[in-house]
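Each remark here refers to the structure printed beneath this line.
The values are calculated or read from the model by the stated rules, or taken from the named source; none is laboratory data. What you see is a predicted model; the values in this text were computed from it and never measured. Because the Cβ atoms are built from the backbone with ideal geometry, glycine has one as well, and the counts that use them run over all protein chains shown. Keep in mind that these areas ignore ligands, DNA and RNA; they rest on the heavy atoms of the full protein, side chains included. Shrake-Rupley method; radii C 1.70, N 1.55, O 1.52, S 1.80 Å.
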Amino acid sequence: MSITFKETVAELREDYLNSVREQVEPEAIEEKYNAYMEGYAKEIKDQVLQEARNASFDSEIKLKRNHNVLTSEERKFFKVLAEADLDTYKEDLLLPETTVIRVMEDMQKKRPLLSKIKFNVAGLKTRMIVGDPNGAAIWGEIFGKIQGQISANFKEISFAQNKLTAFAIVPKDLIEFGYEWVERYVRLQLAEAIGSKLEEGIVVGRGPTMNEPVGLTREFDYDEVGRISNVVEKTAEGQLTFVDAKTTAKELAQVMTTLSVKEDGKTQINVSGKVALLVNPSEQYLIQANYTVQNVNGQWITSLPFNLDVVPSEFVEKGKIIAFVADRYHAIYTGAVSIRSYDQTLALEDANVYIAKQFAHGLPDDKNTAKVYDLAIADVGDLEGI
């Protein structure tokens, strides 16, 4: 698919995000996502080429700019990638593990939600056993018989990971500056392309029947063999207003209490320091303004009760807030990214186009991993002292 750049990349990105928040047809979301990524690739091409030209003039500049250094395996990979002939090169290549790690680090630096979620490496078909330590040990008499009724609550979840596909576009004229710049350009694209889709899935994913993760905004059940079923959108638990200190403390105390009990209504868990509030970026500072104060030294201090973090995500609908326990969301990925040439026609004569494939999945531990609330908060102009 080719696009004309009458729209800015920011507009293409917002168009894609709006389609996700409005829950339009999946095909329409993918079309807008692809248009955004093509625009993004063109924008960073200009940026990277200019940086490469600047850095090539003086080796000292490279050093000062923390110039990218590749391992021998990375250099070999990006040499093949940069010099490949699209007409003859059809092999799948595995992105070096060190590069995959850097892509993940880049994603987590740019996307606070992904830094909150712990990703585990697993195979394509995964069996995950989740244990509840409650009942895993029991007291008894010193010389009494061994207690045989230990009832640790384990559940087994089986699923196949979902395929995540992204374009990697390599400008042909970038190779003259060295493989380090090819690596950086590809890494920037993958961090944005894969990062945005991972975050989309973690927030609003519609589950296995749609070949997506189960998002924090979704309810779900398990069938008799441990497969996820009945994935539906959560309804709001109530309102959060952050209207004043006392009210905020009471509201968030209720949130913490709700999240500290598992779905069975009996199992208590410690969520201290583990809960985050996920909001649309446009409303992040409206919340923070209500619990930011200036001390006697003139310093501004921002602090919520119960050590809660406010995390922005563009996939959260405006007017909503998602409270979730970060370590109760299970995220899995293969750890390997395969790349092969894209043999369909694109209007990109000055670049080689590749498809990068990653496999990932995610799901909350149960319905009480996350709760959705309506955000009833004043606009900036209505806040006292603003």
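Brief remarks follow.
- Residues that are within 15 Å of THR369 (Cβ to Cβ), aliphatic (A, V, I, L, M) and in contact with a helix residue (DSSP H, G or I) (Cβ under 9 Å, 6 or more places away or on another chain) number at least 2 in the following strands (runs of 3 or more DSSP E) confined to region 263-305: 275-279.
- Qualifying residues in region 229-263 (those that are out of contact with any strand residue (DSSP E or B) (no Cβ under 8 Å at 6 or more places or on another chain) and free of Cβ contacts under 8 Å to residues at least 24 places away in the same chain) - the one surrounded by the fewest Cβ atoms within 10 Å (Cβ to Cβ): LYS246
- Boolean, LYS371 is modelled with pLDDT of 65 or more, of a type outside the set (A, V, I, L, M) and closer than 13 Å to THR165 by Cβ: no
- Per-region count, region 16-35, residues open to solvent by 60 Å² or more (accessible area, probe 1.4 Å) and part of a helix (DSSP H, G or I): 4
- Residue within region 284-297 that is surrounded by 16 or more Cβ atoms within 10 Å (Cβ to Cβ), farther than 20 Å from GLY238 by Cα and in contact with a Phe, Trp or Tyr (Cβ under 8 Å, 6 or more places away or on another chain) present: yes
- Qualifying residue in region 197-213 (condition: among the small types (Gly, Ala, Ser) and either surrounded by fewer than 16 Cβ atoms within 10 Å (Cβ to Cβ) or under 28 Å from ALA289 (Cβ atoms) (or both)): no
- Candidate set: region 32-75, residues that are more than 28 Å from the chain's Cα centre (by Cα) and of a type in the set (S, T, N, Q); chosen: the one modelled with the highest pLDDT: SER72
- Checking each residue in region 320-334 for being open to solvent by 20 Å² or more (accessible area, probe 1.4 Å) and of a type outside the set (Ser, Thr, Tyr) picks out LYS320, ASP327, HIS330.
- In region 309-319, the residues that are in contact with a Leu (Cβ under 6 Å, 6 or more places away or on another chain), farther than 15 Å from GLU200 by Cα and not β-branched (Val, Ile, Thr): GLY319
- Within region 254-271, being modelled with pLDDT under 90 and either more than 25 Å from LYS118 (Cβ to Cβ) or of a type in the set (Ser, Thr, Tyr) (or both) holds for GLY265, LYS266, THR267.
- Filter pass, VAL310 being surrounded by 13 or more Cβ atoms within 10 Å (Cβ to Cβ) and of a type in the set (Val, Ile, Thr): yes
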